[in-house]
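Got a structure for you, questions after.
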Protein chains: 2
Amino acid sequence: MKKSRSEKQQRILDFIRTFLEKHDYPPSIRDIQSGCEISSTSVVDYNLKALEARGLIRRDREVSRAIQLVGTGGRGGGAVEVPVVGTIAAGEPLALPSQEGIDPRQVDETVTVTQEMIRGRDQVFALRVRGTSMIDALINDGDIVLMEPTDSVADGEMAAVYLGSSNETTFKRVYREGKRVRLQPENATMQPFHVDADDLSVQGRFVGVVRAL
Amino acid sequence: MKKSRSEKQQRILDFIRTFLEKHDYPPSIRDIQSGCEISSTSVVDYNLKALEARGLIRRDREVSRAIQLVGTGGRGGGAVEVPVVGTIAAGEPLALPSQEGIDPRQVDETVTVTQEMIRGRDQVFALRVRGTSMIDALINDGDIVLMEPTDSVADGEMAAVYLGSSNETTFKRVYREGKRVRLQPENATMQPFHVDADDLSVQGRFVGVVRAL
DNA sequence: GGAGGCGTGGAACGTGTGTTCTGAATCGGT
DNA sequence: ACCGATTCAGAACACACGTTCCACGCCTCC
């Protein structure tokens, strides 16, 4: 009576999820055993190790109930971890990771935001802002902006744009003016400047800001 | 060397919160013991029972790590519901509920913020800001500010203050100047004004801001 | 058929962990 | 100063729990 390899593991995973939802603390090995009608604790341990190897959970050894879901957005709550992938400033280059599939585990810094801040948007990442060029848009030096990957924005939107000729990335409002594009700071003491539309590629659209406290 | 009754319990509560944030599972009694530098497990148990009696946590007996936060926002997962208790603006009165024991269930509107925004502070409430008098502090019309109840603030802090003679509440930076107090807007086009220190009572200290998207 | 890998059963071991008990220290009010 | 209530210290107990070990059935491949 063999079951497919992942079926039992999937069942364990679901049990952990519902248990977590119900109790707000993770189940013990023996909770899983009785909850999934498994005959032995060693079988549970065996499958938990497999799940950990697959990266679906994380465990702390020798600690009871030390099971953490890492698969579907951590815990079901209203909070989301967003990776801070770098710093953005006028006049400085910024290397962005590949747009798709940013792995939160590869980024050592993350910010926690509520789901309503990203409103269901996918692949949101975050950038630390350097400088006060967007101060009038209430974005200060040191703030963290949430960005949604895209390659085009509507007129007047705030976006992170890459300028090929000068190899730099900057954060401005973007206005199309024929074949040229106007990059407008939100700072009364700064002047807008214009670049060729072909020289510019949009990296991401502004979604929200998190104040650095 | 006696500490105030709730100080140790507050510390335990904060520790549980941060532990939960870091590990995604609740701490054991001995985790709390070492984390809060408490000498005995029985003391932890004693205070946990007190916290449970006050309704701030929930526990399952005979089960390890079965501590659930119920006080501020249910789950410890990083998101907290903060009640929006009113609107604050220069020149308009505002009725604040009793400082202590604001019941989130009595307020129909709440904002969801991450726990790191309130950093373990207790009794945080929120106010919707009307007007642009604090625009230079990056607080705009329509934004929601998080406030911590207090009756005194350090010089230069932003606070919600009530002026008895004019029966109004306003949100400004507060500077003591002898027997008078200077209320300083954060808007270059506005002038500060002064009130008698006796006429002023501090309602809450600025903790953070949530942008209205 | 034999070897090896994989999933399973059952049991035992060591320790992590909640609980409880006994006293002492501290606090608050009369 | 006295006394009850509260809080704290330290130890011990009982068991919940993660871990490990060994044996067995099942499958695949040579």
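The values are calculated or read from the model by the stated rules, or taken from the named source; none is laboratory data. Note that the structure is a prediction, hence the values are computed from the model and not measured. Note that each Cβ is placed from the backbone with ideal geometry, even for glycine, and that neighbours are counted across all protein chains shown.
Which residues, taken from the range B:31-46, are within 11 Å of DNA strand C (Cβ to nearest atom) and assigned to a helix (DSSP H, G or I)?
B:31, B:32, B:33, B:34, B:41, B:42, B:43, B:44, B:45, B:46, listed by residue number.
Still on this structure, please answer the following. Does residue B:10 fit the bill of being within 12 Å of chain A (Cβ to nearest Cβ) and either of a type outside the set (Lys, Arg) or assigned to a strand (DSSP E or B) (or both)?
Details: within 12 Å of chain A (Cβ to nearest Cβ): no; either of a type outside the set (Lys, Arg) or assigned to a strand (DSSP E or B) (or both): yes.
No: the conditions fail for residue B:10.
Does residue B:51 satisfy the criteria of being touching a strand residue (DSSP E or B) at 6+ places or on another chain (Cβ under 6 Å), more than 14 Å from chain A (Cβ to nearest Cβ) and of a type in the set (A, V, I, L, M)? Steps first, answer last, please.
Values: touching a strand residue (DSSP E or B) at 6+ places or on another chain (Cβ under 6 Å): yes; more than 14 Å from chain A (Cβ to nearest Cβ): yes; of a type in the set (A, V, I, L, M): yes.
Criteria met by residue B:51.
Then there is this: If you scan the range B:124-149, which residues turn out to be among the polar types (S, T, N, Q) and surrounded by 17 or more Cβ atoms within 10 Å (Cβ to Cβ)?
B:132, B:133, listed by residue number.
Anything in the range B:47-66 that is assigned to a strand (DSSP E or B) and without any contact (Cβ under 8 Å) to a residue 12 or more places away in the chain? List them, or say none.
Answer for the range B:47-66, where residues must be assigned to a strand (DSSP E or B) and without any contact (Cβ under 8 Å) to a residue 12 or more places away in the chain: just B:59.
Any idea which residue in the range B:62-88 is nearest to residue B:28 (Cα to Cα), counting only those that are modelled with pLDDT of 75 or more, surrounded by fewer than 20 Cβ atoms within 10 Å (Cβ to Cβ) and aliphatic (A, V, I, L, M)?
The qualifying residue nearest to residue B:28 (Cα to Cα) is B:66.
Filtering the range B:20-30 down to residues that are assigned to a helix (DSSP H, G or I) and within 12 Å of DNA strand C (Cβ to nearest atom), which residue is nearest to the other protein chains (Cβ to nearest Cβ)?
Here the answer is B:23.
Shifting gears a bit: Please work out which residue is farthest from residue B:9 (Cα to Cα), limiting yourself to the range B:121-132 and to residues that are among the β-branched types (Val, Ile, Thr) and part of a loop (DSSP other than H, G, I, E, B).
B:132
Can you report the number of residues in the range B:153-189 which are modelled with pLDDT under 85 and hydrophobic (A, V, I, L, M, F, W, C)?
The total comes to 4.
Test of understanding: among A:17, A:59, which residue is modelled with pLDDT of 85 or more and within 14 Å of chain B (Cβ to nearest Cβ)?
One residue alone meets the criteria, A:59.
Please determine, by comparing only the residues of the range A:40-56 that are of a type in the set (A, V, I, L, M) and modelled with pLDDT under 85, which one is farthest from DNA strand D (Cβ to nearest atom).
A:56
Could you run through the range B:1-36 and say how many residues are more than 9 Å from DNA strand D (Cβ to nearest atom) and loosely packed, with under 14 Cβ neighbours inside 10 Å?
4
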